[in-house]
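S.K.: Structure incoming, see below.
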Amino acid sequence: MKKTLFIFLSALLLLACQNKETKTEVEKEKQLVEVKQTSSTSPLYLDNGKPWKINEEMKPHVSKGEEAFKTYIDNEEDTDYKNLSQILTDENNKLIESCTMTGESHDVLHEWLAPHLELTAALKSAENQEEADKIIQKLNISFKEFHKYFK
């Protein structure tokens, strides 16, 4: 189930970052298979020792997701991790929709975003607070990685 969700989210990311034309269901399914075959777990790396630049349209969506995440973390009484997961999902979708990046920076961003999307999906399906807390710790690391590798 998680693998299928990951493949679906990766395909969505790939589709959104390419041209904005409407695709047939057959084309979409073909791209899903291609994403599955080309998915990698390459480590993140810097652009000649410096963070990669992302387009300005994408930055607000990362920031809004991170703000919601920090608010959740700072408010010890907030245990509605399902709501947090929905906010993160919404901002991730907007991030994907706003992607116009190409080239190596785009590819490296995907290396960060694919696991981040997977963590967001895992948070949404967490069955209890303890499980959610473990995922939240990983999301915290993910946001820190974003700032290390992207600006």
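The values are calculated or read from the model by the stated rules, or taken from the named source; none is laboratory data. These numbers were taken from a predicted model, which means no experiment stands behind them. Backbone-built Cβ (ideal geometry, glycine too); neighbour counts: all protein chains shown.
S.K.: Residue under question is Leu123, and the condition is that it be in contact (Cβ under 8 Å) with a residue 12 or more places away in the chain and under 12 Å from the mean Cα position of the chain (by Cα); does it hold?
M.R.: no
S.K.: Moving on. Condition first: closer than 26 Å to Lys50 by Cα, hydroxyl-bearing (Ser, Thr, Tyr) and surrounded by fewer than 19 Cβ atoms within 10 Å (Cβ to Cβ). Can you find one or more residues in the stretch 115-130 that meet it?
M.R.: no
S.K.: Exactly one of these conditions fails for Gly49: (1) more than 20 Å from Leu139 (Cα to Cα); (2) surrounded by fewer than 14 Cβ atoms within 10 Å (Cβ to Cβ); (3) modelled with pLDDT under 90. Give me its number.
M.R.: Looking at each condition in turn, Gly49 falls short on (3).
S.K.: Return the only residue of Ser63, Ser85 being exposed (fewer than 13 other Cβ atoms within 10 Å of the Cβ), modelled with pLDDT of 95 or more and not in a loop (DSSP other than H, G, I, E, B).
M.R.: After ruling out the rest, the residue left standing is Ser63.
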